[in-house]
Each structure stands twice: as C-alpha cells, then as structure tokens.
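Structure, as structure tokens:
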Amino acid sequence: MWFSFSLFAIVVVLILAVVQNALLDSRYREHQVERLKTAGEEVQKLSLGADKEETGKILFDVCRRSGVRGYLLYEDGNSVFPEITDRKSYFELTKTLKKEFGEDKESVTFSDENELFYAVETELEGRSCYLCMNSSLQPLGEFENALGLISLVTVLVAIVLAFVASAFVAVFVTKPVMAVTERAKALARGDFSKDFKENYFYREINELSDALDYACTEISKTDRMQKELIANVSHDFKTPLTMIKAYASMIREISGDDKEKRDNHAKIIIDETDRLAALVGDVLDLSKIRAGVTEDGRTVFNLSEEVYRVVNRFDFLKETAGYVIETEIEDDLYISANRDRIGQVLYNLIGNAVNYTGEDKKVTVKLFKAGENSRFEVKDTGKGIRKEDLETIWDRYYRSGEAHQRPVQGTGLGLSIVKGILEAHGYPFGVESEEGKGSCFWAEFFPPPAEESGEENSDGQATLPKEKEKKERIGGGV
Ligand code: ADP
C-alpha cells in the first residue's frame with residue numbers, strides 16, 4: 001500500500017513538473033517576444049525622421065526603461081548603436097539577420113541557446129538598417145532549475161506523506177478488515193463463537209461487523225435448530241420402530257394364534273406406523289417449505305369455504321369425544337395463495353387448539369374482514385402458553401413433556417410448518433395467550449390483487465362459485 005501510495009504521489013508530481021516546465025517555457029518566450037516587440041515598435045515610432053544621433057539616444061532610453069538590449073546595424077555589419085564597435089560580433093549578427101529575413105519578411109524572431117532576438121528592417125538617414133532587440137533567456141533556465149528542486153522536494157514530502165497515509169489506512173482500515181475477514185472465515189467453517197463487535201474507527205466497518213454479528217446469531221440459531229431437529233426426529237423415529245419390531249415379534253412368537261391379542265398388537269403396529277408416516281410427512285413438508293416450494297401454485301380461492309372444510313374434518317370429535325367447535329365465519333372472503341398449504345395452516349392451528357383446549361373441550365374458529373385483510377383466529381380455553389415459550393413454539397421441534405392424550409396426532413413440527421408457509425406467503429401471524437385462560441392463534445391474509453379476483457377452476461379459468469353450490473358445500477359449526 002505504501003508503495004502504491006508513493007508511486008501515485010511521484011507520478012502526479014512528475015506529471016505536474018513536466019507540464020509546468022513545458023507551459024512555463026512557452027509562456028516565458030511569448031512574454032519576452034512581446035516585450036522585445038513593444039520596445040522595438042516604440043523605438044521605431046519615436047525615431048521617425050530623427051537623425052543618427054537622436055535615434056541612438058532614443059534606442060538607449062527605451063532599452064534602459066524596458067530592460068532589454070538594442071542594436072541598430074547597417075546591412076554591411078557596421079553598427080550605428082552601440083557606437084563602441086565589436087565589428088566581428090556585429091558582422092556575425094548581421095549575417096544571421098540577413099539569413100532570417102530572407103526575401104520579404106518585415107520582422108523576425110529567433111533565439112539561440114541563451115538569447116532571444118526580435119528584429120525589424122528600418123531606414124536611417126536614407127540607409128536601410130536593422131533594428132534588433134535582444135534579451136537573455138538565462139532567467140528562465142535558472143527558474144526551471146529552481147522548479148526542478150521544488151519538484152524534488154515535493155516528491156520527497158509526498159513519499160513521507162504517502163507513508164503516513166498508508167500507515168494510517170493500514171491501522172484503521174486494512175487491519176480491521178483483515179480481522180473481520182478472519183472471523184468471517186471462521187464463521188464459514190461453522191465456528192459461531194467469535195464476536196465481530198469491536199469499536200472500529202470507521203463507521204462502515206462497525207456496520208459491517210454488526211451485520212456479520214447478526215448473520216452469525218441467525219445462522220447459529222438455524223444451525224442449532226437443525227441439529228435439534230435431526231436429534232429429536234431420529235429419537236422419535238426410534239421409539240415407534242422399536243415398538244413395531246417388539247409387537248411384530250410378539251405376534252410371531254406369542255399372540256399369533258390368539259385372535260384378540262393379535263388384533264391388539266397389530267393395531268399398535270398400525271398406529272405406530274401412522275405416527276411414523278405423519279412424522280416423515282411433516283419433515284418432508286418442512287424441508288420443502290424451507291426450500292421455498294410453497295411460493296408456487298398460488299390461486300384465488302374462497303378462504304371462508306376452506307375454513308369450513310377444515311373445521312368439518314374435525315366433525316368426528318364431536319361425536320366421539322364431545323368437542324365443541326364454534327364458528328363465526330364471514331362468507332366469501334377470497335385470497336390468492338397456495339390453497340393446500342393454507343389448508344394445512346388452518347388444520348394445524350385448529351388441531352392444536354383441539355389438543356390443548358381445556359376441560360370444556362371448546363374451540364372457537366373465527367374468520368372476518370379486518371380492514372382490507374381477512375383475519376383468521378382460533379381460540380381455545382386451555383392452560384395457555386408461558387410467556388418465555390411464546391417465541392420458541394414457532395421454531396423449535398417442540399414436544400410438551402406431559403403424557404397428555406391428544407385427540408389429534410401431533411409431530412411437534414406443526415407450528416414450524418405454519419410459520420414456514422405463512423412467511424413464504426408474506427402473511428402476518430401470531431399468538432396471544434394468557435396462562436390458565438387459553439390461547440388465540442391468528443393469521444391475516446391479504447386480499448387478492450384486483451386483476452386476479454375470481455376462483456380458478458380446473459381449466460385454469462377464473463370464475464366465482466355460484467351462490468347455491470357454495471351453500472351446499474359449506475358445513476356448519478359443530
Ligand atoms: P405439537 O405436535 O407438539 O402440537 P406444534 O408445533 O403444533 O407441535 O406445537 C408446538 C408446541 O406449542 C406444542 O407442543 C405446545 O406446547 C405449544 N402449543 C401449540 N398450540 C398450542 C395451544 N393452542 N395451546 C397451548 N400450547 C400450544
């Protein structure tokens with residue numbers, strides 16, 4: 001990082017120096033030419049019609065004021081001004097001037113390594129001569145050297161600053177990011193013990209570690225639940241299997257000839273097989289729901305009818321065990337959802353209410369319009385749910401310890417399935433419970449989108465059920 005910072009700084013400074021030099025060079029030349037030109041024009045203007053002596057004075061004056069040098073030379077190389085003649089050098093200069101002017105130029109600008117010249121052809125006392133202004137380029141060279149030094153110092157300062165900046169970044173950004181990465185890797189390996197939270201300098205890194213902490217908690221929760229589920233389900237597989245094996249052996253060895261005993265034992269085997277089948281079915285359902293399968297197969301259907309249909313499935317309990325299921329169901333409430341899955345939700349919730357209701361064996365099922373939504377509620381009069389269990393009953397593979405004889409077969413996965421289905425559909429749900437008084441499980445269903453309203457029949461065409469037909473299909477409360 002230090003290397004790239006330094007390289008970046010050096011490149012920037014170098015580019016700056018090169019551009020500056022190039023610009024400076026051309027700007028300085030332009031400026032000098034302008035100065036020489038102005039001075040030359042001034043001399044020409046002032047000396048118009050003046051004699052040799054006067055012109056020399058004017059030239060001297062203008063040169064002094066403008067800080068440039070000036071020469072007035074005849075074409076043969078003799079000098080008018082300055083009067084002190086260094087014939088040889090003036091000859092050289094005149095030769096150069098002649099060459100620069102060529103045929104038809106009025107003025108020329110040229111330079112050698114150290115000097116800049118500007119010259120015009122003019123006339124003095126009827127003789128043509130050159131007025132040549134000249135200045136040194138030396139200050140530019142000196143200035144460029146100074147600039148080079150400044151650039152060098154800047155590069156050194158930039159390298160030091162780059163070092164400081166990279167050290168800062170390393171301490172406050174790279175190191176924390178590396179630490180967080182290390183922990184994230186541990187998390188990926190299934191080590192949930194590491195805590196991401198630390199007080200980092202940058203808010204963004206703090207937010208990242210918060211998000212990872214949250215992910216860590218959630219993943220560890222799911223992981224724990226998964227392990228718990230596997231452990232409990234395998235345990236629950238084992239019990240019926242042991243029973244089945246034991247009773248099958250008993251039939252073979254002891255009760256085979258005794259019809260009454262054999263029937264009893266066979267019944268136990270059948271019951272246990274049912275339990276196993278239910279458990280396998282629920283585990284499969286749960287894994288499907290968790291994989292998001294329920295999101296498919298949405299249709300618009302009459303929820304009121306579906307609630308009646310499910311309630312009717314519990315009819316046998318009123319005859320055999322004296323249960324009372326009261327219903328307050330508003331007609332013709334439609335929703336758009338996976339009908340079978342919603343049926344499963346209703347069945348599990350009503351089944352639980354039947355299982356856990358109180359001595360009076362009373363359960364109340366309600367469906368009504370709550371604003372735009374349809375709200376389903378099922379109430380029982382049982383002993384309720386402890387406050388600390390209210391959250392966990394939805395997630396855990398939960399079996400109450402009591403040897404409570406339940407009228408409806410439960411596998412301990414019912415509420416997990418309910419939660420999975422309702423969450424996949426995006427419907428809100430919950431439970432209100434008062435210990436000793438009973439519980440009320442509820443779910444709210446959104447109305448179908450406007451363009452979908454109508455029930456889908458087997459041809460996939462949307463039609464509303466006919467009034468008469470509907471009344472026939474609906475069974476009353478028990
Ligand atoms: P189970 O097969 O055990 O009923 P569920 O997932 O349906 O499995 O329910 C989980 C647990 O939540 C139950 O074991 C029970 O302790 C509690 N529970 C569910 N419904 C009720 C209810 N209506 N009243 C009291 N407790 C309930």
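The values are calculated or read from the model by the stated rules, or taken from the named source; none is laboratory data. What you see is a predicted model, and the numbers here were worked out from it, not measured in a lab. Here Cβ is always computed from backbone atoms with ideal geometry, including for glycine, and neighbour counts include all displayed protein chains.
Please specify each residue of segment 320-377 satisfying the condition of being part of a helix (DSSP H, G or I), polar (S, T, N, Q) and within 16 Å of the ligand (Cβ to nearest atom).
Within segment 320-377, Gln344, Asn348, Asn352, Asn355 qualify.
Under 30 Å from Ala188 (Cβ atoms) and either without any contact (Cβ under 8 Å) to a residue 60 or more places away in the chain or surrounded by fewer than 12 Cβ atoms within 10 Å (Cβ to Cβ) (or both): is that true of Ser255 in this structure?
It is false that Ser255 is under 30 Å from Ala188 (Cβ atoms) and either without any contact (Cβ under 8 Å) to a residue 60 or more places away in the chain or surrounded by fewer than 12 Cβ atoms within 10 Å (Cβ to Cβ) (or both).
Could you list, ordered by first residue, the pairs with Cβ atoms under 8 Å in which the first is in segment 165-184 and in contact (Cβ under 8 Å) with a residue 12 or more places away in the chain and closer than 17 Å to Asn206 by Cβ and the second is among the hydrophobic types (A, V, I, L, M, F, W, C) and in a helix (DSSP H, G or I), at least 6 apart or interchain?
Val173/Ile205; Pro176/Ile205; Val177/Ile205; Val180/Ile205; Val180/Leu208; Val180/Leu212; Arg183/Leu212; Ala184/Leu212
I need every pair where a residue in segment 345-369 that is in contact (Cβ under 8 Å) with a residue 24 or more places away in the chain and among the hydroxyl-bearing types (Ser, Thr, Tyr) has its Cβ under 9 Å from the Cβ of a residue that is assigned to a helix (DSSP H, G or I) and more than 7 Å from the ligand (Cβ to nearest atom), sequence separation at least 6 or different chains.
Cβ pairs passing all conditions: Tyr347/Val310.
Test Leu286 against the stated conditions and say whether it is more than 30 Å from Gly436 (Cβ to Cβ) and within 15 Å of the ligand (Cβ to nearest atom).
yes
Answer yes or no as to whether Ala17 is surrounded by 15 or more Cβ atoms within 10 Å (Cβ to Cβ), under 30 Å from Ile159 (Cα atoms), small (Gly, Ala, Ser) and touching a helix residue (DSSP H, G or I) at 6+ places or on another chain (Cβ under 9 Å).
Considered against the rule, which asks whether it is surrounded by 15 or more Cβ atoms within 10 Å (Cβ to Cβ), under 30 Å from Ile159 (Cα atoms), small (Gly, Ala, Ser) and touching a helix residue (DSSP H, G or I) at 6+ places or on another chain (Cβ under 9 Å), Ala17 comes out as yes.
Go through Glu472, Glu402, Glu467 for me and flag whichever is loosely packed, with under 12 Cβ neighbours inside 10 Å, at pLDDT below 85 and within 16 Å of the ligand (Cβ to nearest atom).
Checking each option against the conditions leaves just Glu402.
For Gln226, work out the one condition from (1) assigned to a helix (DSSP H, G or I); (2) over 15 Å from Leu413 (Cβ atoms) it doesn't fulfil.
It fails just one condition, (2).
Yes/no matrix, rows are residues, columns are (1) closer than 18 Å to Val18 by Cα; (2) free of Cβ contacts under 8 Å to residues at least 24 places away in the same chain:
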| position | (1), (2) |
| --- | --- |
| Glu115 | no, yes |
| Thr122 | no, no |
| Ser128 | no, no |
| Leu131 | no, no |
| Ser136 | no, yes |
| Ala146 | yes, yes |
| Ile150 | yes, yes |
| Thr154 | yes, no |
| Ala158 | yes, no |
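Specify the residue that is farthest from the chain's Cα centre (by Cα); the eligible residues are those in segment 357-381 that are more than 19 Å from Ser433 (Cα to Cα) and of a type in the set (A, V, I, L, M, F, W, C).
Phe368
Please give the number of the condition Thr181 fails out of (1) surrounded by 14 or more Cβ atoms within 10 Å (Cβ to Cβ); (2) out of contact with any helix residue (DSSP H, G or I) (no Cβ under 6 Å at 6 or more places or on another chain).
Here Thr181 meets the rest and fails (1).
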